[in-house]
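Let me begin by presenting the structure, written as structure tokens, before commenting on it.
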């Protein structure tokens with residue numbers, strides 16, 4: 001299983017596309033890959049979605065969900 005989700009944040013009271021999270025489950029183990037959007041990275045008010053995913057180009061890979069995602073999952077994973 002592999003799914004992608006558009007990640008949005010609120011900046012100055014408006015939703016902004018921050019990047020894409022890709023979720024993969026293999027052998028019943030979940031992993032997440034987060035990639036920030038280039039336009040988001042160029043914003044002076046951009047912030048890291050998770051402390052383990054600093055604002056930088058490239059993939060940020062997590063075993064399971066990033067902490068900021070798991071806090072909102074509510075046991076649905």
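The values are calculated or read from the model by the stated rules, or taken from the named source; none is laboratory data. Note that this is a predicted model, so its numbers are computed, not measured. Please note: Cβ atoms are built from the backbone with ideal geometry, for glycine as well, and neighbour counts cover all protein chains shown.
Residues are listed down the side, and each one gets a yes or a no for (1) more than 19 Å from residue 68 (Cα to Cα); (2) without any contact (Cβ under 8 Å) to a residue 12 or more places away in the chain; (3) surrounded by 14 or more Cβ atoms within 10 Å (Cβ to Cβ):
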position: 5; (1), (2), (3): no, no, no
position: 9; (1), (2), (3): no, no, yes
position: 12; (1), (2), (3): yes, no, no
position: 15; (1), (2), (3): no, yes, no
position: 21; (1), (2), (3): no, no, yes
position: 31; (1), (2), (3): no, no, yes
position: 36; (1), (2), (3): no, no, yes
position: 40; (1), (2), (3): no, no, yes
position: 46; (1), (2), (3): no, no, yes
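Looking only at residues in segment 56-77 that are surrounded by 10 or more Cβ atoms within 10 Å (Cβ to Cβ) and under 18 Å from residue 15 (Cβ atoms), which one is modelled with the highest pLDDT? Filtering segment 56-77 for residues that are surrounded by 10 or more Cβ atoms within 10 Å (Cβ to Cβ) and under 18 Å from residue 15 (Cβ atoms), the one modelled with the highest pLDDT comes out as 68.
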